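Here's the structure, in structure tokens; my notes come after.
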Amino acid sequence: MKLPILAYGDPILKKVAEDINKDYPNFSLLINNMFDTMYAANGVGLAAPQIGLPIRLFIIDASPFYEEETAKPDGLKKVFINAQIVEEKGNKWTFNEGCLSIPDVREDVNRHPNILISYYDENWDLFEEHFSGLMARVIQHEYDHIEGKLFTDRINPLRKTMLKGKLDSISKGIVKVDYKMRFPISKKKR
């Protein structure tokens, strides 16, 4: 089932998410619904706060970044539960990012190219794993969501000020999207 994605300005997006346990209700269904929602919106990641759940859960499928490569890396589709970034390293690099909660806004964001992250997968197996490049970037972007941060929090303050009108419009539902969204100011779904 495709779920509505919260738009910029919803207070849940600014809240640090809480850990969950194996007994979380309808957990497998939730993960499937999150993937359905992400794919319907042409995303590469989705965090539970983006669908209104302030829990430490996010999913990714970075395969669109590797479509033109003949040998795709393994493990491009993943579930991260109760994730904690242990280490970020390397010289930060810039990449133009967007977000399903902030449609039609893309900005350059600096992030570390290498991370070490501890997390549980959908089977509740514990991993501590290194990621680099675009995989690390997608993971860091989604991880920010469970930490109550958006990519716009990482851009130049002057640039964010310049985007204020567009961000305000998004929070009011004045944006064209082809996926379901929930807007904080108008309280209407689209």
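Values computed for the structure shown
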| item | result |
| --- | --- |
| Within a Gaussian network of the chain (alpha carbon springs, distance under 10 Å), most fluctuating of ARG159, ARG137, ARG111 | ARG159 |
| The chain: relative contact order as a whole-number percent, Cα under 8 Å and 6+ apart | 28 percent |
| Using θ = phi - 60° and Karplus 6.51 cos²θ - 1.76 cosθ + 1.60, couplings along region 101-117 (whole Hz; Gly, Pro as x) | 7, 10, x, 6, 10, 10, 9, 6, 10, 8, 9, 5, x, 10, 9, 10, 10 |
| Size of electric dipole in region 1-65: Cβ of Lys, Arg +1 and of Asp, Glu -1, about Cα centre, debye, nearest 20 | 100 debye |
| Residue-normalised accessible area of the chain, expressed per residue, 1.4 Å probe, Å² | 51 Å² |
| Share of pairwise Cα separations in the chain, more than 19 Å, in percent | 58 percent |
| Modelled label reach - LYS92, point 7 Å along Cα→Cβ, region 151-183 residues with backbone N closer than 15 Å | 151-160 |
| Largest to smallest accessible area among TYR39, TYR8 [probe 1.4 Å] | TYR39, TYR8 |
| Heavy-atom accessible area ranking, 1.4 Å probe, most first, across HIS141, HIS112, HIS130 | HIS130, HIS112, HIS141 |
| The chain - charge dipole about Cα centre, Lys and Arg +1 at Cβ, Asp and Glu -1, debye rounded to 20 | 1220 debye |
| Given LYS14/LYS92; LYS2/LYS77; LYS92/LYS176; LYS14/LYS77; LYS14/LYS89, the pairs whose alpha carbons are separated by over 21 Å | LYS14/LYS92; LYS92/LYS176; LYS14/LYS77; LYS14/LYS89 |
| Dipole of region 48-190 [Lys/Arg +1, Asp/Glu -1 at C-beta], most positive-end residue of ASN96, HIS145, SER169 | SER169 |
| Solvent exposure ordering (accessible area, 1.4 Å, most first) of ASP108, ASP23, ASP10 | ASP23, ASP108, ASP10 |
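The values are calculated or read from the model by the stated rules, or taken from the named source; none is laboratory data. Every value quoted in this text rests on a predicted model; they were computed, and no experiment measured them. For neighbour counting, all protein chains shown are included, and Cβ atoms are generated from backbone atoms with ideal geometry for every residue, glycine included. Side chains are part of the model used for accessible areas, which takes the heavy atoms of the whole protein and leaves out ligands, DNA and RNA. Shrake-Rupley method; radii C 1.70, N 1.55, O 1.52, S 1.80 Å.
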